[in-house]
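Enquirer: Just dropping this structure here.
The values are calculated or read from the model by the stated rules, or taken from the named source; none is laboratory data. Quick caveat: nothing in here was measured; it's all calculated off a predicted structure. Neighbour counts are summed over all protein chains in view; Cβ atoms, including those assigned to glycine, are modelled from backbone coordinates with ideal geometry. Just so you know, the surface numbers come from the protein's heavy atoms only, side chains and all, with ligands and any DNA or RNA stripped out. Shrake-Rupley method; radii C 1.70, N 1.55, O 1.52, S 1.80 Å.
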Amino acid sequence: MLQRIRQHLPQFSLYLCIGFTALGVDLGSYYALLSADMWYITASIIGGVLGFFTSFLGNKYFVFRKREK
């Protein structure tokens with residue numbers, strides 16, 4: 001069982017890194033837009049969309065890409 005966990009650990013670590021990066025993009029853009037005097041609901045929507053696309057594209061192209069065996 002430990003070998004099976006070790007096998008997936010690099011992919012899981014990358015998944016966590018992409019998730020935290022998306023969180024940073026989401027919150028960072030939200031606070032940046034708030035400091036630019038944007039309405040908080042609009043800033044939240046834009047930040048959420050940017051975080052979503054960061055997560056989606058990061059997971060698609062880095063975490064779950066097809067690897068040759």
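Enquirer: Report the chymotrypsin sites (Phe, Trp or Tyr not before Pro) located in the chain that are in a DSSP loop and have at most 10 other Cβ atoms inside 10 Å of their Cβ, or state none.
Expert: TRP39
Enquirer: Evaluate the relative contact order of the chain (contact order divided by residue number), counting alpha-carbon pairs under 8 angstrom at least 6 apart; express in whole percent.
Expert: Relative contact order, the chain: 39 percent.
Enquirer: So how far apart, in nm, are the two label points at SER35 and GLU68 if each is 7 Å from Cα heading toward Cβ?
Expert: With each label point 7 Å from Cα toward Cβ, the separation is 4.5 nm.
Enquirer: Of the accessible area of region 3-69, with the probe set at 1.4 angstrom, what percent is carbon plus sulfur?
Expert: It is 67 percent, rounded to a whole number.
Enquirer: Cα axis of helix 40-58 to longest principal axis of the chain: angle in degrees, 0 to 90, nearest 10?
Expert: The angle comes out near 20 degrees.
Enquirer: Also: Which residue, chosen from LEU14, LEU27, MET38, occupies the Cα position most advanced towards the positive end of the dipole of the chain, where the dipole is computed from +1 (Lys, Arg) and -1 (Asp, Glu) charges on Cβ about the Cα centre?
Expert: Towards the positive end, the residue furthest out is LEU14.
Enquirer: Here's another thing I want to ask about it. Zone of PHE20 (label point 7 Å along Cα→Cβ, backbone N under 13 Å): which residues in region 35-57?
Expert: none
Enquirer: Could you tell me how many degrees, from 0 to 90 and to the nearest 10, lie between the Cα long axis of helix 2-35 and the main elongation axis, the longest principal axis, of the Cα atoms of the chain?
Expert: Taking the Cα atoms of the chain, the angle to 2-35 is about 10 degrees.
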